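The values are calculated or read from the model by the stated rules, or taken from the named source; none is laboratory data. Everything quoted here is computed from the prediction, not taken from an experiment. Quick reminder, even Gly has a Cβ in these numbers, built from the backbone with ideal geometry, and neighbours come from all protein chains shown. Ligands, DNA and RNA are stripped out before the accessible areas are found, and what is left, the full protein with its side chains, is counted by its heavy atoms. Shrake-Rupley method; radii C 1.70, N 1.55, O 1.52, S 1.80 Å.
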Amino acid sequence: MTFLTRTRTALAALLISVLALSGCSLLGDDGAAGGPANGGGKGGPRVSESAGAAVPYDVVPLLRPQKKYFGAAVEGAPNSMDGYRAYSGMVGKKPNLIEYYAAWGDGFDATGVRNAWREGALTLVSWEPFDVSLADIAAGRSDTYLTEYATAVRRLNLPIVISFADEFNGHWEKWGTEYATPGQYVGAWRHIHDAFAEAGATNVIWAWSPNIVNPVAGVKLKPYYPGDGYVDWVGLIGYWTIEQPNAFDSVFGPTVDQVRTFTEKPMILLETAAMAGERRRADIRVLFESVAADDDLLGFIWFNHNKRADWRLEASPLALEEFKRLAADDRFGFDVRTP
């Protein structure tokens, strides 16, 4: 997000501070700002001694950190951290970016965000509009829900990442190419972003998340891009499968090339994994080596679920050992409270 975009929201943040920071949260549970007294680190908000006057959390240090994000999507996390702790023990390192999936209409999981924060991890919400059209969102027909959600995010005042309507360039999603136009998608994204700005919820990192273009080569990404003032990260979604070569450029190269024709925003592998089988160890090596070698790649999130295929690391003991060995690299992982 540009400096201008964040600056012009400051007045809105001050105007709504009494509403957003007093009383009970509207959709999430009750929660305090992440200042020095309750676990916030440098780069976070300064909490005023007067009631309800927290400065919005400054996410800038988290946009391009010196080390790589070491992320995971695991069952139940971050609302329950049991799966997170099991995964951490299995791979020998605590993930510092936890992805979870929420439907449009769900309340903001303030408890989960706080759980992750206490472990030094950032939460990424993959927000999926299953039962509402992008056109209706863009037209403001969900504004009551949207404003309440944004206000709850602002009130908690910890940094989060939001990825709205990911894989929009695929035909398989209810908000994808068979259900919405690029203009409707961009309109919905900008409307949501503007609602958060009006609520003073500048503690959000916005991740624009296309599926890799390989299976949908005819769908161009540029018409779906909301603009640099509305996006902080490009979150690529793609998996290593046995149907394609395991080189990083084979999986992600065509998508990266397209994206780089219209934005220089940093990239993160927002959802990735490698298919179980004989090649999985080699695919994992390619993942770690490629992310480590590219200063413009912020890190990755491993999708540790059994969905459509068994992407869980525990499904392949030898590949798990390779993952654990490579995860020990100090370039991967850091405490997001002190980036």
Within the set of pairs 6 or more residues apart or between chains, which connect a residue that is of a type outside the set (S, T, N, Q) inside region 287-303 to a residue that is surrounded by fewer than 21 Cβ atoms within 10 Å (Cβ to Cβ) and assigned to a helix (DSSP H, G or I) with Cβ atoms less than 7 Å apart?
F288/L326
What are the residues in region 140-157 that are touching a residue at least 12 places away in the same chain (Cβ under 8 Å), open to solvent by 10 Å² or more (accessible area, probe 1.4 Å) and part of a loop (DSSP other than H, G, I, E, B), if any?
G140, S142
Out of curiosity, is R308 at pLDDT below 95 and either in contact with a Lys or Arg (Cβ under 8 Å, 6 or more places away or on another chain) or open to solvent by 20 Å² or more (accessible area, probe 1.4 Å) (or both)?
yes
So for region 87-97 (the condition being assigned to a strand (DSSP E or B), surrounded by fewer than 19 Cβ atoms within 10 Å (Cβ to Cβ) and within 13 Å of the chain's Cα centre (by Cα)), does at least one residue qualify?
no
State all residues of region 158-178 that are open to solvent by less than 30 Å² (accessible area, probe 1.4 Å), among the hydrophobic types (A, V, I, L, M, F, W, C) and assigned to a loop (DSSP other than H, G, I, E, B); if no residue qualifies, say none.
L158, A165, F168, W175
Could you tell me whether F300 is open to solvent by 20 Å² or more (accessible area, probe 1.4 Å), at pLDDT 95 or above, closer than 29 Å to F168 by Cα and among the aromatic types (F, W, Y)?
no
Just one listed residue, out of V47, V125, is of a type in the set (V, I, T) and at pLDDT 95 or above, and it is V125
Restricting region 179-196 to residues that are open to solvent by 20 Å² or more (accessible area, probe 1.4 Å) and either touching a strand residue (DSSP E or B) at 6+ places or on another chain (Cβ under 7 Å) or of a type in the set (G, A, S) (or both), the residue that is farthest from Y57 (Cα to Cα)
G183
Suppose we keep only residues that are open to solvent by 10 Å² or more (accessible area, probe 1.4 Å) and in contact with a Phe, Trp or Tyr (Cβ under 7 Å, 6 or more places away or on another chain) within region 268-284. Which one would you say is farthest from I237 (Cα to Cα)?
M275
Residue tally, condition out of contact with any Ser or Thr (no Cβ under 6 Å at 6 or more places or on another chain) and in a strand (DSSP E or B), over region 204-234
7
Out of all the residues in region 310-339, which are more than 22 Å from the chain's Cα centre (by Cα), among the aliphatic types (A, V, I, L, M) and not in a loop (DSSP other than H, G, I, E, B)?
A315, L318, A319, L320, L326
With K222, K265 as the choices, which residue is closer than 30 Å to A54 by Cα and either open to solvent by 10 Å² or more (accessible area, probe 1.4 Å) or not charged (D, E, K, R) (or both)?
K265
Any residue in region 285-307 that is within 15 Å of M90 (Cβ to Cβ), part of a helix (DSSP H, G or I) and in contact with a Phe, Trp or Tyr (Cβ under 6 Å, 6 or more places away or on another chain)?
no
Looking at W117, is it surrounded by fewer than 24 Cβ atoms within 10 Å (Cβ to Cβ) and in contact with a Ser or Thr (Cβ under 8 Å, 6 or more places away or on another chain)?
no
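Residues checked against (1) more than 19 Å from Q244 (Cβ to Cβ); (2) out of contact with any His (no Cβ under 7 Å at 6 or more places or on another chain); (3) of a type in the set (A, V, I, L, M):
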| position | (1), (2), (3) |
| --- | --- |
| G277 | no, yes, no |
| V291 | no, yes, yes |
| N304 | yes, yes, no |
| D310 | no, yes, no |
| A319 | no, yes, yes |
Residue pairs, Cβ under 6 Å, 6 or more apart or interchain, first in region 326-339 and under 14 Å from Q66 (Cα atoms) and of a type in the set (A, V, I, L, M), second part of a loop (DSSP other than H, G, I, E, B) and at pLDDT 95 or above. List them.
V336/N96; V336/G120
